[in-house]
Amino acid sequence: MSASYDVRGPVAVITLNNPPVNGLGYDTRCGIADGITKAEADPSIEAIVITGAGKAFSGGADIREFGSPKAVAEPNLLSLIRMEDDCRKVIVAAVHSVCMGGGLELALGAHYRVAAPGANVALPEVKIGLIPGAGGTQRLPRVLGVETALNMIVSGEPVKSEMLAALPGQKLFDKIIDGDLIEGAVAFAREKAAEHASSGKPLPRVRDLPVKHPNPDAYFQFARNTVKAMAKNFPAPAKCVDAVEAALKRKFDDGMVYEREVFLGLMWTPECRALRHAFLAERAASKIPDVPEGTPQRTIAQVAVIGAGTMGGGITMNFLNAGIPVTMLEMKQEALDRGVATIRKNYEAQVKKGKLKADKYEQRMALLKTTLSYDDVKNADLVIEAVFEEMGVKEKVFRTLDEVMKPGAILASNTSTLDVNKIASFTKRPQDVVGLHFFSPANVMKLLEVVRGEKTAKDVLATVMAVAKKIRKTAVVSGVCDGFIGNRMIEQYSRQAGFLLEEGCTPAQVDKAIEKFGFAMGPFRMGDLAGNDIGWAIRKRRYQEKPGMRYSKTADLLCEMGRYGQKTGAGWYDYQAGKRDAIPSKVVVEMIEKHRADLGITPRKISDDEIVHRLVYALVNEGAKIVEEGIASKASDLDIVYLTGYGFPLWRGGPMCYADTQGLFNVVQAMNRFARNPLDDADFWEPAPLLARLAAEGKTFS
Ligand code: NAI
């Protein structure tokens, strides 16, 4: 039973005990129901306190039960709350640390609520594409007022208990308890039990409280407009507004029915499924199949970064932000000065925008040291190399690190294309070497590919996964291969984008189509931002390594014109000095037209649908190969890479999830169609064996 029952004098204390966050799983729900029943039946009990053990009151539904029959098995949360409503003894919820989703709904079913200060209170269902489904939309407006409640429900963001308790007229918390919460809650429960016994007054229920607003129609119209503008691809936020309006305009029980209907209606929308998938996939990404939880970790108290260029500076900021001291090493003082100046400039911009307090900025800078000598970094627990992308340079750095670093230090490389096994082989401690592939700008981008070498030790992996969490990155483990997960997939997407130009598209048409699908940026705008010369260098290497692999020559012709992108003021698009707006370029269109004429291609009109599916299925097919080769341990890891690092639309759940939603059979059919296009590449569209197998068996990637 994952809820315990104790008796403190005349008060029964039911303690949810389902680590880590006391999720309301089946056993826990049974425990609560049994506790209430037992307390009601025991004449020596006057009141009940419900609380949570450990680090939470309750984080809500138990995500481990999602989609299983246990999630909905009786007693479900609605039934528990009904038991609270019907209970003839005082129930006090004693809230602390985390009180979210179903946890808050359970607390709202109690007659009274007390809280420790600092508890995070939220109804975060909207973040997985839902609305609260156990009365949250009907009860929260009754205790906090319509506007505060709706803000919380639409944003899903937590608010501290003491802030909520300080709101005028609020009825969410009856008391904030500074000392021992359980002692305070038990004393409060006894007091209330005595009061009700002597006054004979009925026990207060949130459902009986009135909901009011001085100008509801105007307010809900305003709320709807705001939500529509902010969340155009997500249906749930607008439904939150409808449900809260129902709390105001309908009787409580009718409002509950409405909430249920909306909740169930959202449950199977593609957006909700995608968000749920992303939520679970992110948690799954942090787990490595053969590195069990509890694998010992190394202590990371001091970090060194080699190279203070674009990436070195951004990487350093992540650690400074997390309060971890960093020493940056360079070859020349000027490079260090430039690196530090960039870090300062970034922080100062944040201070200017009010996103960072001036004293915090100084605290962070105080954690930064710079040096030209390896002697000053030898005691670091983790060293991250971010020098030029040349094997010779990496070799020199890693041989030196091997000589100077203390035993047990983790030696990481931020390489984006080089072989991490080879880099590890330059040392006598390949077990301590790992790739940490940050994305640019490294202080902003969430994604971190952790590249696992053949010999990388398990405790090194466990440690860097924990470090990633500390510096607030979403880490995904990739095996060693060219491009790792993200860039290996994007290369195929870029190849298709090139073929589309040859067949009749303009860069702007391709970008617009995929941006309409939801990508943050199309392939050509992205090329201009990252620098088209990077892809050029990769292709030059490919022409040697894989002469049979077809690419459109348009990207090479563009680079030969010196159009590397924003940094040269011109790329696939034209740019005005100091501005980032991509202006369609006549010169580029002419270059493409000439190239087509040289190839003897008559351009054709290509639909947005074809553009989107050729680009996305290029990702999917390469993704399937990555999973099959074991470069990624699961398909959902690829979705996380694309959601957090490549601007894939969240409401589509990532490329592999999108393919599942389309049906893998249909994906293969479309690929076969593309293969029949003589201007495309039939080999390219040969379905990966895993994809072909899953499609034939009617299965999905996840
Ligand atoms: P960068 O050219 O901006 O910076 C490299 C820095 O390393 C320079 O400041 C240089 O002075 C310094 N350096 C070179 N050799 C050194 C040595 N032996 N000892 C100490 N410092 C040395 O290059 P960037 O863009 O920061 O790239 C660094 C690494 O990060 C490369 O491996 C690159 O592939 C990788 N990377 C780059 C991304 C990007 O978008 N720029 C994204 C992800 C990874």
Legend entry - Neighbours by Cβ (under 7 Å, 6+ apart or cross-chain): first from region 412-425, closer than 13 Å to residue 383 by Cα; second within 13 Å of the ligand (Cβ to nearest atom) and among the charged types (D, E, K, R): 412/385; 413/385; 413/394; 414/385
Legend entry - Failed condition for residue 293, given (1) more than 16 Å from the ligand (Cβ to nearest atom); (2) at pLDDT 95 or above: (2)
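Listed residues 586, 579; which is modelled with pLDDT under 95 and either among the charged types (D, E, K, R) or in the same structural domain as residue 513 (by TED's automatic domain parsing) (or both)?
Details: 586 fails: modelled with pLDDT under 95.
After applying the criteria, what remains is 579.
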Inset, instruction - Counting only residues that are among the aromatic types (Phe, Trp, Tyr), over 30 Å from residue 604 (Cα atoms) and touching a strand residue (DSSP E or B) at 6+ places or on another chain (Cβ under 9 Å), give me the strands (runs of 3 or more DSSP E) lying completely in region 395-502 with at least 1 of them. - result: 433-438
Inset, instruction - Go through the residues of region 437-459 one by one and say whether even a single one is within 10 Å of the ligand (Cβ to nearest atom), without any contact (Cβ under 8 Å) to a residue 60 or more places away in the chain, under 21 Å from residue 530 (Cβ atoms) and in the same structural domain as residue 372 (by TED's automatic domain parsing). - result: yes
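Looking at region 379-392, which of its residues are near the ligand (Cβ under 8 Å from one of its atoms) and either surrounded by 15 or more Cβ atoms within 10 Å (Cβ to Cβ) or under 27 Å from the mean Cα position of the chain (by Cα) (or both)? Reasoning before the result, please.
Of all residues in region 379-392, those near the ligand (Cβ under 8 Å from one of its atoms) come to 385-389.
Selection gives 385, 386, 387, 389.
Give the residue, chosen from 208, 174, that is surrounded by 15 or more Cβ atoms within 10 Å (Cβ to Cβ), within 24 Å of residue 138 (Cα to Cα), among the acidic types (Asp, Glu) and assigned by TED's automatic domain parsing to the domain that holds residue 262. Write out each step before concluding.
Values: 208 fails: surrounded by 15 or more Cβ atoms within 10 Å (Cβ to Cβ).
Going through 208, 174 in turn, just one is surrounded by 15 or more Cβ atoms within 10 Å (Cβ to Cβ), within 24 Å of residue 138 (Cα to Cα), among the acidic types (Asp, Glu) and assigned by TED's automatic domain parsing to the domain that holds residue 262: 174.
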Inset, instruction - Of all residues in region 471-496, count the ones that are charged (D, E, K, R) and farther than 16 Å from residue 282 by Cβ. - result: 4
Legend entry - Evaluation of residue 311 against (1) at negative phi; (2) more than 16 Å from the ligand (Cβ to nearest atom) (one fails), failing number: (2)
Legend entry - Residue check, residue 614 in contact (Cβ under 8 Å) with a residue 60 or more places away in the chain, part of a loop (DSSP other than H, G, I, E, B) and of a type in the set (Lys, Arg): no
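Give the residue, chosen from 239, 228, that is more than 21 Å from residue 102 (Cα to Cα) and either at pLDDT below 95 or crowded, with 16+ Cβ neighbours inside 10 Å (or both).
Working: 239 fails: more than 21 Å from residue 102 (Cα to Cα).
Only one candidate passes the filter, namely 228.
Answer yes or no: is there a residue in region 111-120 that is of a type in the set (Ser, Thr, Tyr) and in contact with a Leu (Cβ under 8 Å, 6 or more places away or on another chain).
At the first step, the residues of region 111-120 found to be of a type in the set (Ser, Thr, Tyr) are 112.
With in contact with a Leu (Cβ under 8 Å, 6 or more places away or on another chain) added as a condition, the list becomes none.
Within region 111-120 (the criterion being of a type in the set (Ser, Thr, Tyr) and in contact with a Leu (Cβ under 8 Å, 6 or more places away or on another chain)), the answer is no, since none of the residues qualifies.
Being within 16 Å of the ligand (Cβ to nearest atom) and either surrounded by 22 or more Cβ atoms within 10 Å (Cβ to Cβ) or of a type in the set (A, V, I, L, M) (or both) narrows it down to one of 366, 349, 412, so name that one. Can you show your working first?
Numbers: 366 fails: within 16 Å of the ligand (Cβ to nearest atom); 349 fails: within 16 Å of the ligand (Cβ to nearest atom).
The conditions single out 412.
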Legend entry - Lone unmet requirement of (1) small (Gly, Ala, Ser); (2) closer than 21 Å to residue 182 by Cα; (3) free of Cβ contacts under 8 Å to residues at least 60 places away in the same chain for residue 61: (2)
Legend entry - Within region 500-540, tally of residues that are away from the ligand (no atom under 15 Å from the Cβ) and at pLDDT 95 or above: 24
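Within region 661-669, can one find any residue that is assigned to a helix (DSSP H, G or I), among the aromatic types (Phe, Trp, Tyr), more than 29 Å from residue 446 (Cα to Cα) and free of Cβ contacts under 8 Å to residues at least 60 places away in the same chain? Before you say what the answer is, go through the steps one by one.
If we filter region 661-669 for residues that are assigned to a helix (DSSP H, G or I), which is where we start, we get 661-662, 664-669.
Now drop any that are not among the aromatic types (Phe, Trp, Tyr), which leaves 665.
Now narrow it down to the ones that are more than 29 Å from residue 446 (Cα to Cα): 665.
Then keep just the ones that are free of Cβ contacts under 8 Å to residues at least 60 places away in the same chain; that gives 665.
Yes, region 661-669 contains a residue that is assigned to a helix (DSSP H, G or I), among the aromatic types (Phe, Trp, Tyr), more than 29 Å from residue 446 (Cα to Cα) and free of Cβ contacts under 8 Å to residues at least 60 places away in the same chain.
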Inset, instruction - Determine the pairs where a residue that is touching a residue at least 60 places away in the same chain (Cβ under 8 Å), located within region 376-392, has a partner that is charged (D, E, K, R) and in a loop (DSSP other than H, G, I, E, B) with Cβ atoms under 7 Å apart, the partner being 6 or more residues away or on another chain. - result: 379/406; 381/298
Legend entry - Top-ranked residue of region 332-346 - restricted to ones that are among the small types (Gly, Ala, Ser) and near the ligand (Cβ under 10 Å from one of its atoms), ranked as surrounded by the most Cβ atoms within 10 Å (Cβ to Cβ): 339
Inset, instruction - Consider residue 402 carefully, then state whether it is within 16 Å of the ligand (Cβ to nearest atom), over 26 Å from the mean Cα position of the chain (by Cα), exposed (fewer than 15 other Cβ atoms within 10 Å of the Cβ) and assigned by TED's automatic domain parsing to the domain that holds residue 309. - result: no
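Return the residues of region 314-331 that are hydrophobic (A, V, I, L, M, F, W, C) and either part of a helix (DSSP H, G or I) or more than 11 Å from the ligand (Cβ to nearest atom) (or both); say none if nothing qualifies. Quick ask: steps written out before the conclusion?
Of all residues in region 314-331, those hydrophobic (A, V, I, L, M, F, W, C) come to 315, 317, 319-320, 322, 324, 326, 328-329, 331.
Listed by number, the residues that qualify are 315, 317, 319, 320, 322, 324, 326.
The values are calculated or read from the model by the stated rules, or taken from the named source; none is laboratory data. This one's a predicted model, so the numbers in the text were calculated from it and none came from an experiment. Quick reminder, even Gly has a Cβ in these numbers, built from the backbone with ideal geometry, and neighbours come from all protein chains shown.
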